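Heads up, the thing below is written out as structure tokens.
The values are calculated or read from the model by the stated rules, or taken from the named source; none is laboratory data. As the structure is a computational prediction, the values presented were derived from the model and not from experiment. Cβ atoms come from the backbone with ideal geometry, glycine included; neighbour counts cover every protein chain shown.
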Amino acid sequence: MTDLLGSITLAQADFPQAMGTLTLGHYLFLSAAMFALGLIGFVTRRNLIIMFLCTELMFQASGIALIAFSRFHLNHTGQTFVIFVLTVAAAEAAMGLALVILLFRKRESLSTEEWAEMSG
């Protein structure tokens, strides 16, 4: 790329490169695999801590997908949105762990089957 004079080549003319050797598909496959593992873990496990960790895994998978799309299109919109997703995840972690501790102190168990009778 040349400037207005036509003789000077800019050092950052092709920076940043679109994705490098890894393609968008690689990142999306990783994100989908992480999200699927989190979803399977959330549905099949009955321990509140494991379910909580699986939701965090799904949050991180969505963050990877957003950053991959952002990098692929060479803009910062997805990366900015990931900051908000991480903020929500941090708030969810604080409230979720506080509720898990409260429930454990009340019943001395983290099994969701014992808490299924609590309704309304």
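What is the residue count in region 61-77 for residues that are over 29 Å from GLY96 (Cα atoms), in a helix (DSSP H, G or I) and not hydrophobic (A, V, I, L, M, F, W, C)?
Step one: filter region 61-77 for residues over 29 Å from GLY96 (Cα atoms), giving 69-76.
With the extra rule that they be in a helix (DSSP H, G or I), the set shrinks to 69-72.
If we keep only those that are not hydrophobic (A, V, I, L, M, F, W, C) as well, we get 70-71.
Summing the residues that are over 29 Å from GLY96 (Cα atoms), in a helix (DSSP H, G or I) and not hydrophobic (A, V, I, L, M, F, W, C) in region 61-77 gives 2.
Just one of the numbered conditions (1) among the aromatic types (Phe, Trp, Tyr); (2) farther than 26 Å from ALA116 by Cβ; (3) modelled with pLDDT under 90 is not true of PHE52; which one?
The number of the failed condition is (2).
Of everything in region 103-115, what is at pLDDT below 85 and either touching a helix residue (DSSP H, G or I) at 6+ places or on another chain (Cβ under 6 Å) or more than 16 Å from PHE42 (Cβ to Cβ) (or both)? Give them in sequence order. Even if it seems obvious, please write down each step before you answer.
At the first step, the residues of region 103-115 found to be at pLDDT below 85 are 103-104, 106-115.
The answer is LEU103, PHE104, LYS106, ARG107, GLU108, SER109, LEU110, GLU114.
Considering each of MET58, MET95 in turn, give the residue that is aliphatic (A, V, I, L, M), out of contact with any Ser or Thr (no Cβ under 6 Å at 6 or more places or on another chain), in a helix (DSSP H, G or I) and surrounded by 11 or more Cβ atoms within 10 Å (Cβ to Cβ). If you could, list the steps in order and put the result at the bottom.
Details: MET95 fails: surrounded by 11 or more Cβ atoms within 10 Å (Cβ to Cβ).
When all the criteria are applied, what remains is MET58.
Does GLY41 satisfy the criteria of being over 29 Å from LEU24 (Cα atoms) and in contact (Cβ under 8 Å) with a residue 12 or more places away in the chain? Let's see the steps before the verdict.
Values: over 29 Å from LEU24 (Cα atoms): no; in contact (Cβ under 8 Å) with a residue 12 or more places away in the chain: yes.
So GLY41 does not fit the description; no.
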